[in-house]
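Take a look at the structure below.
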Amino acid sequence: MLKQLATEVKATMGIYEPGPGTVYGMLAEFKDPGALYTAAKAVREAGYKRFDTHSPFPIHGMDKAMGLPNSKVGFITLGGGIAGLALGTWLQWWTGTVSYPMNISGKPFFAFEPSIPIMFELTVLFAALATVAGMLAMNGLPRPYNPLFYSRNFARATDDAFFIHVAADDSHFDEKDTGALLERLGGRNIEIIHDRGDAE
Amino acid sequence: MPVSSADSEKTLASTADYHAEAPLVQGNLSFHDITELVTAHTEKKTPLAWWGAFSLANIGLLLLVGMVAYLFWNGTGVWGLNNPVGWGYAIVNFVFWVGIGHAGTLISAILFLFRQQWRTGINRAAEAMTIFAVMCALVFPTIHVGRVWAIYWTLPIPNQMEMWPQFKSPLLWDVFAVSVYFTVSLVFWYVGLIPDIATMRDRATTKVRRMVTGVLSMGWTGANRHWRNYEKAYLLLAALATPLVLSVHSVVSFDFAVSIVPGWHTTIFPPYFVAGAIFSGFAMVVTLMVIARKVYGIQNIITIEHLEKMNIIILLTGTMVGFAYITEFFIAWYSGVQYEQYAFLNRAFGPYAWAYWTMMTCNLVFPQFFWIKRLRRSVPFMFAISIFVNIGMWFERFVITVTSLHRDYLPSSWDYYTPTFVDVLTFVGTFGLFFTLFLLFLRFIPMVAIAEVKGVMPQADPHFYDHAGDGHDQAHDVSVTTPQDHTQS
């Protein structure tokens, strides 16, 4: 049960369990963002869920083509911001009134006006750091080991090549059918990726 | 104006259209060409010219270290500070360097929110400039405290006195504002770098290079599941950095505006400081980019259109700053306060009139040449103006700080402030620090945001191929496309 949940969560990050044997998935190259877009749409319509596109830059509309929901990073940002604001307010109030109250020209020990800069800066700091941490966590990064790195061709994913990777973990995955589908969609250099589990 | 593929199509079709926007990337470059053009400079053998420039910058850095050591040994008496002028070069240089940094955040965050896609060509270098400029800025308040070993008292760290910093002081707000600004800028910059470091990783040929880029790129594979969160995070960081950058120079201006010194105590300071910061920062970006694009041969990515747009921003913000100078004079007269009126007359016609008119000429007059299209597209001309603007903006901070202080309420304590050689050489030394860092950046890090530049090219739009490009209509043809190098199974 718990293990299944973990698999589920990891799949949203693009980390998949190897399928039968050591087969991790199938990788196909497409010639341009347009071909990748139409292919991703078709793969999704064929019922696949655990697949991903890899491109050197974000492709507009790909989330919709793949059927992915909106990113949830914003909630983490909000949480970080609230935490920062609370910390800033507490810091200003506690140091001024509890820890070391000092009477300066009869001014109040705590007031919002002079506290705003500190509260604001801490809000921004915590929100920004939470955003980055949340983005990395939701992406399952850092991920030094990824079976896709075994593919020689895949190095071009950060240069000028466009890939679809269908995970063996997907319930529809079948070496023959999936391969045929990707080929029909215009996929080239189709290869099976093995999760060999060793780093070079 | 956002350039969608439909717009750029129109541009290609009607080149005679006067209002047509030139393409962001010129010279018919492919995605791979962009990768090559940018990463090649981090992979090739270090050129001799780089070593030359780096040595020169290192001499400046050594100068800074020497001057700071001399200061620590002897105390702040080695500076030219005197009794009415308790703030001299240190604060002037601090505000100058922080201001330089602001253009980087404006380009990376504010122009991003406004969907100004031309920012992609320059944002990486501009953000690097921000980080290095803020580092230079942080040197000054740190060494200005006199007892530098107690600098941690500015942070809310429990100490043996059981006291907290004075949270009601703008100087303390500065500590928070500038350090948060530095941290967020650095994080923002690193997030932008991740896909490009992955590009370097995938091209790496040596083991060391593969290890270093492998660790720094965190296993980035350009997966769309990742891009989705990444783009959202980038947008949120831009949305956070925007109010942050405005707050930083506002807080810096509070250092002055919250005091009761005539010439400082004005409400116009926050917006005027922010405009001035963007003005000087853009001038610095122009100075650096004019050289870098030439030396590194990336004129097709940082095009003349980019430079022209920056010059328009220089013209706009320069005029805003000039308007603020004039408003200050009007308000001084209109306030009816004789101290305020004297402070401003003394600025323009007193012993520091030379500094005031240098500032006026460089900041208000010189940028006006950019009304002329031919001049704002002339590289040598904009280079000269950008240098003048930086001189002018340094003098602005000098004028604000020194002329307001040197003649305060009590004429018996009036004095003339002259910097010592330590003041001057410390300032020169920070340029050494800045250029040391900037040259390291140019050598080891892709100076253009590769993934972002590719993303704004018309070919990056999946619908570009619906009607142009590869000879067959993908949208209708999916099920019958026959791959060339594979047979049907």
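The values are calculated or read from the model by the stated rules, or taken from the named source; none is laboratory data. Quick caveat, the model's predicted, so the values are computed rather than measured. When we count neighbours, we look across all protein chains shown, and the Cβ atoms used for this are built from the backbone with ideal geometry, even at glycine. All accessible areas refer to the heavy atoms of the entire protein, side chains included, with ligands and DNA or RNA removed. Shrake-Rupley method; radii C 1.70, N 1.55, O 1.52, S 1.80 Å.
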- Prolate/oblate/rounded call for region B:335-433, Cα gyration tensor, a/c under 1.5 rounded: oblate
- Roughly speaking, what is the centre-to-centre gap between region B:198-238 and region B:117-187 when only Cα atoms are used, to the nearest Å? 28
- Task: Enter the buried accessible area of the A/B pair, total of both sides, probe 1.4 Å, in Å² rounded to the nearest 100.
- Result: 6500
- Task: Pop out a list of residues from region A:111-126 that are at least 10 Å² less accessible with all the protein chains around than in their chain alone; 1.4 Å probe, no ligands or nucleic acids counted.
- Result: A:114, A:117, A:118, A:120, A:121, A:122, A:124, A:125
- Query: What percent do you get for the relative contact order of chain A when only Cα pairs under 8 Å and 6+ apart count?
  - Reply: 45
- Task: Decide, for region B:409-465, between rounded, prolate and oblate: order the square roots of the alpha carbon gyration tensor eigenvalues as a ≥ b ≥ c, take rounded if a/c falls under 1.5, and otherwise choose prolate if a/b is larger than b/c, else oblate.
- Result: oblate
- Query: What part of the accessible area of chain A, given as a whole %, is carbon or sulfur when the probe is 1.4 angstrom?
  - Reply: 62
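With n ≥ 4 as the cut-off for DSSP H runs, can you work out [θ] at 222 nm for chain B, using -39500 (n - 2.57) per run divided by the number of residues, rounded to the nearest 500?
-21500 deg cm²/dmol
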- Task: Quick one: angle between helix A:175-184 and the longest Cα principal axis of chain A, in degrees between 0 and 90, rounded to 10, please.
- Result: 90
- Pop the C-beta distance of residue B:326 and residue B:259 into the FRET formula with R0 = 25 Å and round what comes out to the nearest 0.05. 0.65
- If each K or R counts +1 and each D or E counts -1, the residues other than residue B:265 whose Cβ falls under 13 Å of its Cβ total -4
- Task: Give the accessible surface of the protein assembly as shown per residue, rounded to a whole number of Å², with probe radius 1.4 Å and ligands, DNA and RNA excluded.
- Result: 43
- Query: How big is the protein assembly as shown by the Kirkwood estimate over distinct Cα pairs, in Å?
  - Reply: 27.7
- For B:118, B:357, give the ranking by accessible area with the largest first, probe 1.4 Å. B:357, B:118
- Between residue B:377 and residue B:46, how many nm apart are label points set 7 Å from Cα along the C-beta direction? 4.0
- For the residue pair residue B:162 and residue A:83, what label-to-label distance in nm results when each label sits 7 Å from Cα along the Cα-to-beta-carbon direction? 3.1
- Extended-chain gain in nm, criterion 0.36 nm per residue less alpha-carbon gap, residue B:69 and residue B:334: 90.7 nm
- Provide, for q = 0.14, 0.15, 0.16 Å⁻¹, the log10 of I(q)/I(0) from a solvent-free Debye sum over equal Cα point scatterers in region B:112-250. -0.84, -0.91, -0.97
- Message: Would you calculate the convex hull of the Cα atoms in chain B and tell me its volume per residue in Å³?
- Response: 188
- Relative contact order (%) - region A:139-200, alpha-carbon pairs under 8 angstrom, separation at least six: 42
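Between residue A:113 and residue A:45, what's the calculated FRET efficiency when r is the beta-carbon distance and R0 is 51 Å? Round to 0.05.
My answer for the efficiency is 0.30.
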- Query: Short version: which residues of region B:200-229 lose at least 50 Å² of accessible area, all chains versus chain alone, 1.4 Å probe?
  - Reply: B:202, B:218, B:221, B:224, B:225, B:226, B:227, B:228, B:229
- Message: Within region B:282-437, what whole-number % of the accessible surface is contributed by carbon and sulfur, with the 1.4 Å probe and all protein chains included in the calculation?
- Response: 75
- Item | Accessible carbon and sulfur surface of region B:134-271 relative to its total accessible area, %, 1.4 Å | 73
- Message: Given points 7 Å out from each Cα along the Cα-Cβ axis, report the residue B:268 to residue B:179 separation in nanometres with one decimal.
- Response: 3.4
- In nm, what is the difference between 0.36 nm times the number of residues separating residue B:114 and residue B:342 and their Cα-Cα distance? 77.8 nm
- Item | Range in chain B, longest, excluding exposed trypsin sites (Lys or Arg not before Pro) [loop by DSSP; at most 14 other beta-carbon atoms within 10 Å] | B:148-489
- Item | Mean separation of Cα contacts under 8 Å (6+ apart) over length of chain B, as relative contact order % | 29
- Note on the structure: As straight-line cross-link partners of residue B:454, the qualifying lysines (C-alpha separation under 25 Å, not fewer than 8 residues apart within one chain) are A:31, A:41, A:64, B:10, B:44, B:232, B:294, B:309
- Item | Along each principal axis, Cα extent of region A:1-156, largest first, Å | 74, 36, 28
- Mind checking which lysines have their C-alpha under 20 Å from residue A:107, skipping anything on the same chain fewer than 8 residues away? B:168
- For an R0 of 41 angstrom, estimate the FRET efficiency from the Cβ-Cβ distance between residue B:424 and residue B:316 and round to the nearest 0.05. 0.80
- Which lysines, on any chain, are close to residue A:3 with Cα under 27 Å apart, when same-chain ones fewer than 8 places away are left out? A:49, A:72
- Item | Threshold 20 Å² - residues in region B:446-465 whose accessible area is reduced by that much or more when the chain is no longer isolated, probe 1.4 Å | B:451, B:454, B:460, B:462, B:463, B:465
- Message: Rounding to the nearest 10 and keeping the result within 0 to 90°, find how far the Cα-based axis of helix B:119-144 lies from the longest principal axis of chain B.
- Response: 30
